[in-house]
Amino acid sequence: MTPDGIDPERIPVHVACVMDGNGRWAERRGLPRTDGHAAGEQALLDTVDGALELGTQWLTVYAFSTENWRRPADEVRYLMGFNESLLMRRRDELHAKGVRVRFIGRRDWRVPRRVLRRMDEAVELTRGNRRMTLTLAFNYGGRAEIIDAVRSMLAEGTSPDKITEKRLRKHLYAPDMPDPDVVVRTSGEYRISNFLLWELAYSELVFTDVLWPDFRREHLFEAVREFQHRDRRFGGVQARGTA
Ligand code: IPE
Ligand code: IPE
Ligand code: MG
């Protein structure tokens, strides 16, 4: 059954989340920042379950940005190891739920080989699942993605007049992924921080003060309710009656 106040006919196809506020969550408790990342795991799993409950087909989460390498070496090392172990510990459970795990981001830049191996294993294991696609944006930057797409077009010998929006899209990290209908950012920050720059041109943006480790499916449902009240026009005129 669809959660209260949500129209089952207008469930977003693709929800994306900027999982932010782990460090502050920990600092408020007098804990090391890394404890905040660890606590974020429960939030992610509950959000996945909430998205499955809603019937959202695509869920994308921002796990590590191309700028996050600027953090202290200890924290970066922790995040690499944490993501690696999370994939090992949770892949069977995600697989059992029918979740297809995928990644977007730069593969060939800085990510340790053993982390790439775990990523490949999770992708391989869950490749055939169709209930929902969970895309982890890891070593991901929206600008890097556009640059990589342009490089890939040039490498194919695309001539300038053949460079179109449609063609560029084919060179993004996940060309088959629909644009997000709604992007949720936690922790009271009102910015995009280089997430899905190309894809979110017409996404509805929802901001919440909840810190990521406290985020649960109910917060996801709240974001979807807010999304359903928005009037999406895509640059056209208001289509009353369909809204
Ligand atoms: C988000 O939490 C997780 C990552 C960016 C990897 P932060 O670590 O950014 O937490 P805050 O924003 O410092 O509270
Ligand atoms: C965005 O959060 C990146 C991830 C959630 C992985 P940041 O904490 O890195 O972004 P800023 O620094 O607040 O913009
Ligand atoms: Mg942050």
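The values are calculated or read from the model by the stated rules, or taken from the named source; none is laboratory data. Just so you know, these numbers come straight off a predicted model, no measurement behind them. Cβ placement follows ideal geometry from the backbone for every residue including glycine, while neighbour counts extend to all protein chains displayed. What goes into the accessible areas is simple: the full protein's heavy atoms, side chains included, and nothing from ligands, DNA or RNA. Shrake-Rupley method; radii C 1.70, N 1.55, O 1.52, S 1.80 Å.
Numerical summary
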{"quantity": "Solvent exposure of the chain as accessible area per residue, Å², 1.4 Å probe", "calculated": "51 Å²"}
{"quantity": "Of 215, 82, 103, the one that fluctuates the most in a GNM where the chain has Cα springs shorter than 10 Å", "calculated": "82"}
{"quantity": "Chain lengthening between residue 9 and residue 218 when straightened (0.36 nm per residue, less Cα-Cα)", "calculated": "73.4 nm"}
{"quantity": "Cα gyration tensor, the stretch 116-243 - rounded (a/c under 1.5), prolate or oblate", "calculated": "oblate"}
{"quantity": "Size of electric dipole in the stretch 89-233: Cβ of Lys, Arg +1 and of Asp, Glu -1, about Cα centre, debye, nearest 20", "calculated": "580 debye"}
{"quantity": "Shape category assigned to the stretch 17-73 from the gyration tensor of Cα positions, a/c cut at 1.5", "calculated": "oblate"}
{"quantity": "Theoretical FRET efficiency, 1/(1+(r/R0)^6), r = Cβ-Cβ of residue 97 and residue 162, R0 41 Å, to 0.05", "calculated": "0.50"}
{"quantity": "15 Å beta-carbon shell around residue 195, net charge (K/R +1, D/E -1)", "calculated": "-4"}
{"quantity": "Heavy-atom accessible surface of the chain: percent carbon and sulfur, 1.4 Å", "calculated": "50 percent"}
{"quantity": "Rg followed by Dmax, in Å, when the chain is reduced to its Cα trace", "calculated": "18.1, 57"}
{"quantity": "Cβ-based net charge around residue 27, under 12 Å, with every Lys or Arg adding one and every Asp or Glu removing one", "calculated": "+3"}
{"quantity": "Global geometry of the stretch 38-171, whether rounded, prolate or oblate, following the gyration tensor of its Cα atoms and the 1.5 cut on a/c", "calculated": "oblate"}
{"quantity": "Added length on full extension, which subtracts the Cα-Cα distance from 0.36 nm per residue, residue 108 to residue 191", "calculated": "27.2 nm"}
{"quantity": "Cα Rg over Rh - the stretch 34-105, Kirkwood", "calculated": "0.98"}
{"quantity": "Most fluctuating residue given options 140, 173, 62, as computed from a GNM of the chain linking Cα atoms under 10 Å", "calculated": "173"}
{"quantity": "Choice from 219, 229, 171 showing the highest fluctuation, given a GNM over the chain with Cα pairs closer than 10 Å", "calculated": "229"}
{"quantity": "Normalised contact order of the stretch 16-167, rounded percent, pairs of Cα under 8 Å and 6 or more residues apart", "calculated": "27 percent"}
{"quantity": "Helical contribution to [θ] at 222 nm, DSSP H n ≥ 4, -39,500 (n - 2.57), averaged over the chain, rounded to 500", "calculated": "-13500 deg cm²/dmol"}
